[in-house]
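The values are calculated or read from the model by the stated rules, or taken from the named source; none is laboratory data. Treat the numbers as computed from the prediction; the structure is a model and nothing was measured. Glycine gets a Cβ as well: all are built from the backbone with ideal geometry, and neighbour counts include every protein chain shown.
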Amino acid sequence: MEPRTSLRFFFLFLAIAFLFLFTWTHLPSTPPPDVTALLDCATNSPSPWCIRLQSNKPLRVSDTPNHPLDPLTVKEINTVRSILSSHALFNSAKSYAFHSIVLEEPDKQQVLRWTKGDPLLPRLASIVARVDGHSYLLTVNLETTQVTVHDTVPLAGYPTMTVEDMTSSIWAPLSNAQFNRTITDRGVDLADLACLPISLGWFGKKEESRRLIKVQCYSMKDTANFYMRPIEGLTVILDMDTKEVVEISDHGRNIPIPKADNTDYRYSAQQLRQQQLNLVNPISIEQPKGPSFVVEDEHMVKWANWEFHLKADPRAGVIISQARVRDSDTGEMRNVMYKGFTSELFVPYMDPTDAWYFKTYMDAGEYGFGLQAMPLDPLNDCPRNAYYMDGVFPAADGKPYVRSNMICVYESYSGDIGWRHSESPITGMEIREVRPKVTLVVRMAASVANYDYIVDWEFQTDGLIRVKVGLSGILMVKGSEYDHMRQVPKHENLYGTLLSENVIGVIHDHYVTFYLDMDIDGSDNSFVKVDIKKQETSPGESPRRSYLKAVRNVAKTEKDARIQLKLYDPSEFHVVNPAKKTRVGNPVGYKVVPAATAASLLDHDDPPQKRGAFTNNQIWVTPYNQSEQWAGGLFVYQSQGDDTLAVWSERDRPIENKDIVVWYTLGFHHIPCQEDFPIMPTVSSSFDLKPVNFFESNPILRVPPNLEKDLPVCKAAVSA
Ligand SMILES: *[C@@H]1O[C@H](CO)[C@@H](O)[C@H](O)[C@H]1NC(C)=O
Ligand SMILES: *[C@@H]1O[C@H](CO)[C@@H](O)[C@H](O)[C@H]1NC(C)=O
């Protein structure tokens, strides 16, 4: 038996990723089976929505793009690969790897002018590749086969890791005898080893001019949840290109590896006896007349009064483009957002010690937020009425593979109310008018090693878009000699919470920065900060001493639009079209409405915060620039913070009545608690993009109420 195989030396997300890579790189022309559609349609008595799903979605990703923003198809990625393999840069290279092959989106104005039926715009691919130790950014014209090599000299940092980078890194320490020895010395059988590839950030000279990665390991003996059994204090620094072990930092030999007891989170591993918690009867949404949305040409989603283009992206995860909403009075489709996506994540851990200080992840630019989005579980990740969309990504050798069921789209009815009013008997009027709220959700879930991020784009018929991020998965924990709090001399020096014997959940933050290219009824928009100010009355003016008023401030340049949220100095944040007014003269707009969030408190000169400087404000506004899309920079891995949103914004360009992009950062402080062990119940927060004087009046006034006769049969059982 191959010794490595016997090691069971893998971890869950890479195992799955690898399986998909293997399957689809070896069977590139085989259509991926759409498991959901097949299962639901075959096993259930086929309900109408099932038939509709089948007819809507052929069981393969097509090879023909239909829209200028459609992602590259399997065939197009193969074409790019063959064009490049005969290009001088590649055919004379000793080694090369593709870190990204995606559509280079056509010029925005051309896309805006394009309508269905027009000839497709020229298809270009944007490629990030490493060739003989150098990073390249290239454009390939798929029609003319012309290759353009862009200048990337000014960019510090390295491209997003490939899945192969990560997989090969976790094996590499085994080539080192000292590593083997320290593992066995700690009583861990090499066959029980599971390791993680950890991006190491940048802290100065040591992390420069060489692509490095840190590897830390765990024992997977007696549990699938090896994350709870850290081999604390052991860090291997590897050269990611040569796989050479550069350094082994070996502290914490005295720290026991936490026990496996109660760490497994799988249903199959639970002691189900009498304590089985079957708290809720089976539940699902029925749509006897089928869903109210269609997905045209694979990527255009049309639902209720909304339409938008939807695609998977290896770095951003999900990209929503050309979101337009129907005007409730005129019936015309009106532009709201040209493009929205998760631009970057920043996840700094709050422990400055040797094995922890560098854990300051940037999950999109380092790991690929879309690459880490695993297939969704059809009955649990999304409800049964969901439609699924696949992603097509390149492996490091450029061969495309299909990530099936990466995105789901479904209509959600959570029992919420769209609007209501009932008259009290004192008026003598018997009025009770209520409208249920039904929304359309687009969902993906990325599992970046231990952590899971659920990202929802939820569209409402009243014009609101809610962007929600849910955090779940498994904590990154630290092994400790303590097994009870009474042994801890100073509680606040623990860097976290003792979650179980010898297990500390380390305090950390999550920041998710969204790129929001708002186009309210056209591209030229302004950002208006509407300050809510306390006004004091003059003596004798009123029995009131004070009241609030709204003061509008139009941001002239980028620096006027750097927003730090303040509860006692509040504002609304409007994106308006100054050239378009409502009947009564208000500029049409949408506002960014923050909900619970957190701000980074790290020192601005702390190296991680320099790289994550795009989180220094909750809102930024920049003029549209096609090459400014990744808030942490194009090459984020080991970057030094010289290509971030904070740097671009320093130019202080004019933004009034211009094509502008709004950046919103949703933050979480996470002080772990025992309920987060051994896996975390989902914690969510969100922000809204809400119409503000965009419609002439309530856009869902004419929506009918629910009537019993129209609804599927569903009766509450009389309780016993
Ligand atoms: C380390 O252990 C692994 C697994 O037993 C083995 O394959 C490898 O050769 C060892 N490395 C060294 C340098 O001995
Ligand atoms: C667009 O962005 C790039 C990258 O930040 C920058 O070099 C260029 O100057 C920008 N163009 C304009 C017009 O601001």
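Does Ser95 satisfy the condition of being among the hydroxyl-bearing types (Ser, Thr, Tyr) and within 16 Å of ligand 1 (Cβ to nearest atom)?
Values: among the hydroxyl-bearing types (Ser, Thr, Tyr): yes; within 16 Å of ligand 1 (Cβ to nearest atom): no.
The answer is no for Ser95.
Any residue in segment 144-152 that is within 16 Å of ligand 2 (Cβ to nearest atom), more than 22 Å from Ile474 (Cβ to Cβ) and in a loop (DSSP other than H, G, I, E, B)?
Yes - at least one qualifying residue is present in segment 144-152.
Looking only at segment 632-653, filter to residues that are more than 22 Å from the chain's Cα centre (by Cα) and more than 22 Å from Gln564 (Cβ to Cβ); which one of those is nearest to ligand 2 (Cβ to nearest atom)?
By that ranking, first place goes to Asp642.
Go through (1) under 26 Å from Tyr361 (Cβ atoms); (2) touching a helix residue (DSSP H, G or I) at 6+ places or on another chain (Cβ under 7 Å); (3) of a type in the set (Val, Ile, Thr) and name the single condition Thr615 misses.
Evaluating Thr615 over (1) under 26 Å from Tyr361 (Cβ atoms); (2) touching a helix residue (DSSP H, G or I) at 6+ places or on another chain (Cβ under 7 Å); (3) of a type in the set (Val, Ile, Thr) leaves (2) as the failure.
Among the residues of segment 356-370, write down those that are part of a loop (DSSP other than H, G, I, E, B) and either under 9 Å from the mean Cα position of the chain (by Cα) or surrounded by fewer than 24 Cβ atoms within 10 Å (Cβ to Cβ) (or both).
Correct list: Trp356, Tyr357, Phe358, Lys359, Phe369, Gly370.
Which of the residues belonging to segment 617-631 are away from ligand 2 (no atom under 16 Å from the Cβ), in contact with a Lys or Arg (Cβ under 8 Å, 6 or more places away or on another chain) and not in a strand (DSSP E or B)?
Asn617
Against the definition (more than 14 Å from Asn693 (Cα to Cα) and of a type in the set (Val, Ile, Thr)), how does Val551 come out, yes or no?
Yes: the conditions hold for Val551.
When both residues are 6+ apart or on different chains and their Cβ atoms are under 7 Å apart, which pairs have a first residue that lies in segment 620-649 and is among the charged types (D, E, K, R), and a second that is away from ligand 2 (no atom under 12 Å from the Cβ) and at pLDDT below 95?
Filtered contacts from segment 620-649: Asp642/Ala156.
Say whether the condition of being part of a loop (DSSP other than H, G, I, E, B) and within 25 Å of Leu234 (Cβ to Cβ) is met by at least one residue in segment 451-463.
Within segment 451-463, the subset part of a loop (DSSP other than H, G, I, E, B) is 461-463.
Applying the additional criterion that residues be within 25 Å of Leu234 (Cβ to Cβ) yields none.
No, that holds for no residue.
I need a count of the residues in segment 668-687 that are surrounded by 21 or more Cβ atoms within 10 Å (Cβ to Cβ) and either part of a strand (DSSP E or B) or within 16 Å of ligand 2 (Cβ to nearest atom) (or both).
Of the residues in that region, 3 qualify.
Taking Phe203 as meeting all but one of (1) among the hydrophobic types (A, V, I, L, M, F, W, C); (2) outside any helix (DSSP H, G or I); (3) within 16 Å of ligand 1 (Cβ to nearest atom), write down the number of the exception.
Failed condition: (3).
I need the full set of residues from segment 147-173 which are within 15 Å of ligand 1 (Cβ to nearest atom) and either buried (at least 19 other Cβ atoms within 10 Å of the Cβ) or in the same structural domain as Trp630 (by TED's automatic domain parsing) (or both), in order please.
Residues satisfying the conditions are Ile170, Ala172, Pro173.
From Tyr388, Tyr338, which residue is of a type outside the set (Val, Ile, Thr), part of a strand (DSSP E or B), in contact with a Cys (Cβ under 8 Å, 6 or more places away or on another chain) and modelled with pLDDT of 95 or more? Full working, then the answer.
Details: Tyr338 fails: in contact with a Cys (Cβ under 8 Å, 6 or more places away or on another chain).
Being of a type outside the set (Val, Ile, Thr), part of a strand (DSSP E or B), in contact with a Cys (Cβ under 8 Å, 6 or more places away or on another chain) and modelled with pLDDT of 95 or more holds for just one of Tyr388, Tyr338, which is Tyr388.
What residue, among those in segment 287-335 that are in a strand (DSSP E or B) and small (Gly, Ala, Ser), is surrounded by the most Cβ atoms within 10 Å (Cβ to Cβ)?
Only one residue fits best here, namely Gly317.
What's the total number of residues in segment 637-659 that are assigned to a strand (DSSP E or B) and either touching a Phe, Trp or Tyr at 6+ places or on another chain (Cβ under 6 Å) or within 14 Å of Gly612 (Cβ to Cβ) (or both)? Even if it seems obvious, please write down each step before you answer.
So the first thing to find is which residues in segment 637-659 are assigned to a strand (DSSP E or B), and the list is 637, 654, 658-659.
If we keep only those that are either touching a Phe, Trp or Tyr at 6+ places or on another chain (Cβ under 6 Å) or within 14 Å of Gly612 (Cβ to Cβ) (or both) as well, we get 637, 659.
Counting residues in segment 637-659 that are assigned to a strand (DSSP E or B) and either touching a Phe, Trp or Tyr at 6+ places or on another chain (Cβ under 6 Å) or within 14 Å of Gly612 (Cβ to Cβ) (or both) gives 2.
Kindly check whether there is at least one residue in segment 203-219 that is more than 16 Å from ligand 2 (Cβ to nearest atom), over 30 Å from Ser95 (Cα atoms) and in contact with a strand residue (DSSP E or B) (Cβ under 9 Å, 6 or more places away or on another chain).
yes
Considering only segment 637-667, state which residues are farther than 23 Å from Leu345 by Cα and crowded, with 21+ Cβ neighbours inside 10 Å.
Selection gives Ile655 alone.
Write out, first by first residue and then by second, each pair whose Cβ atoms fall under 7 Å of each other, whose residues are 6+ apart or on separate chains, and whose first residue, in segment 88-108, is surrounded by 16 or more Cβ atoms within 10 Å (Cβ to Cβ) while the second is among the basic types (Lys, Arg).
Every condition considered, the pairs that remain are Tyr96/Arg130; Ala97/Arg130; His99/Arg130; Ser100/Arg315.
Please give the number of the condition Gly428 fails out of (1) in contact with a Lys or Arg (Cβ under 7 Å, 6 or more places away or on another chain); (2) farther than 26 Å from Leu310 by Cβ.
Exception for Gly428: condition (1).
For (1) surrounded by fewer than 22 Cβ atoms within 10 Å (Cβ to Cβ); (2) touching a residue at least 60 places away in the same chain (Cβ under 8 Å), each residue gets a yes or a no:
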position	(1), (2)
Thr144	yes, no
Thr184	yes, no
Leu190	yes, yes
Lys221	yes, no
Pro230	no, yes
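Surrounded by fewer than 22 Cβ atoms within 10 Å (Cβ to Cβ), part of a strand (DSSP E or B) and more than 27 Å from the chain's Cα centre (by Cα): does that describe Val434?
Yes: the conditions hold for Val434.
Condition (residue is within 16 Å of ligand 1 (Cβ to nearest atom), surrounded by 12 or more Cβ atoms within 10 Å (Cβ to Cβ), among the small types (Gly, Ala, Ser) and within 26 Å of the chain's Cα centre (by Cα)) applied to segment 123-142: is it met by at least one residue?
no
Do the conditions hold for Ser284, that is, is it modelled with pLDDT under 95, in the same structural domain as Leu379 (by TED's automatic domain parsing), in a loop (DSSP other than H, G, I, E, B) and not charged (D, E, K, R)?
For Ser284, the condition - modelled with pLDDT under 95, in the same structural domain as Leu379 (by TED's automatic domain parsing), in a loop (DSSP other than H, G, I, E, B) and not charged (D, E, K, R) - is not met.
Condition (residue is under 18 Å from Met337 (Cβ atoms) and either part of a loop (DSSP other than H, G, I, E, B) or within 16 Å of ligand 2 (Cβ to nearest atom) (or both)) applied to segment 696-704: is it met by at least one residue?
At the first step, the residues of segment 696-704 found to be under 18 Å from Met337 (Cβ atoms) are 699.
Now narrow it down to the ones that are either part of a loop (DSSP other than H, G, I, E, B) or within 16 Å of ligand 2 (Cβ to nearest atom) (or both): 699.
The answer is yes; a qualifying residue exists.
Within segment 660-702, how many residues turn out to be touching a Leu at 6+ places or on another chain (Cβ under 9 Å) and either closer than 27 Å to Lys610 by Cβ or small (Gly, Ala, Ser) (or both)?
12
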